[in-house]
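Participant: The structure follows.
Nothing in this text is a laboratory measurement; each read-out follows from the coordinates by a stated rule. Nothing here was measured: the structure is a model prediction, and the numbers come from that model. Every residue, glycine as well, gets a Cβ built from its backbone with ideal geometry; the counts of neighbours run over all protein chains shown.
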Amino acid sequence: MKRRLTEPVDILTAVSILKSYGYLGDELIIAITRIFYVDLDALNEVVANA
């Protein structure tokens with residue numbers, strides 16, 4: 001079962017971990033949506049500010 005990410009701090013943590021593994025841009029979005037259920041508006045906001 002996928003974990004749901006709706007809080008910006010949780011999304012930022014996941015984005016940071018994926019970036020450390022070399023995921024960037026579209027690859028990052030594809031990877032995070034494969035692993036988690038993500039609030040896409042919140043994800044876009046976090047990625048834009050990160």
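Participant: For the chain, which trypsin sites (Lys or Arg not before Pro) pass both filters: DSSP loop (anything but H, G, I, E, B) and at most 11 other C-beta atoms within 10 Å? Don't jump to the answer; show the numbers that get you there.
Facilitator: On the way: sites: LYS2, ARG3, ARG4, LYS19, ARG34; in loops: LYS2.
Those that pass, being in a loop and sparsely packed, are LYS2.
Participant: Using the membrane-span-like helix rule (whole DSSP H runs, Cα extent along the own axis of at least 24 Å, mean Kyte-Doolittle hydropathy at least 0.5), which helices of the chain qualify?
Facilitator: Correct list, ordered by number: empty.
Participant: What Kirkwood hydrodynamic radius do you get for the chain when you take the inverse of the mean 1/r over all pairs of distinct Cα atoms, in Å?
Facilitator: Numbers: mean 1/r = 0.0950 Å⁻¹.
Kirkwood hydrodynamic radius for the chain: 10.5 Å.
Participant: Could you work out how far apart the two model spin labels at THR33 and VAL9 are, taking each label as a point 7 Å from the Cα in the direction of the beta carbon, and quote it in nm?
Facilitator: 2.7
Participant: How far apart, in nm, are two points set 7 Å out from the Cα along the Cα-to-Cβ line at ASP41 and at TYR21?
Facilitator: Using points 7 Å along Cα→Cβ, the separation is 2.8 nm.
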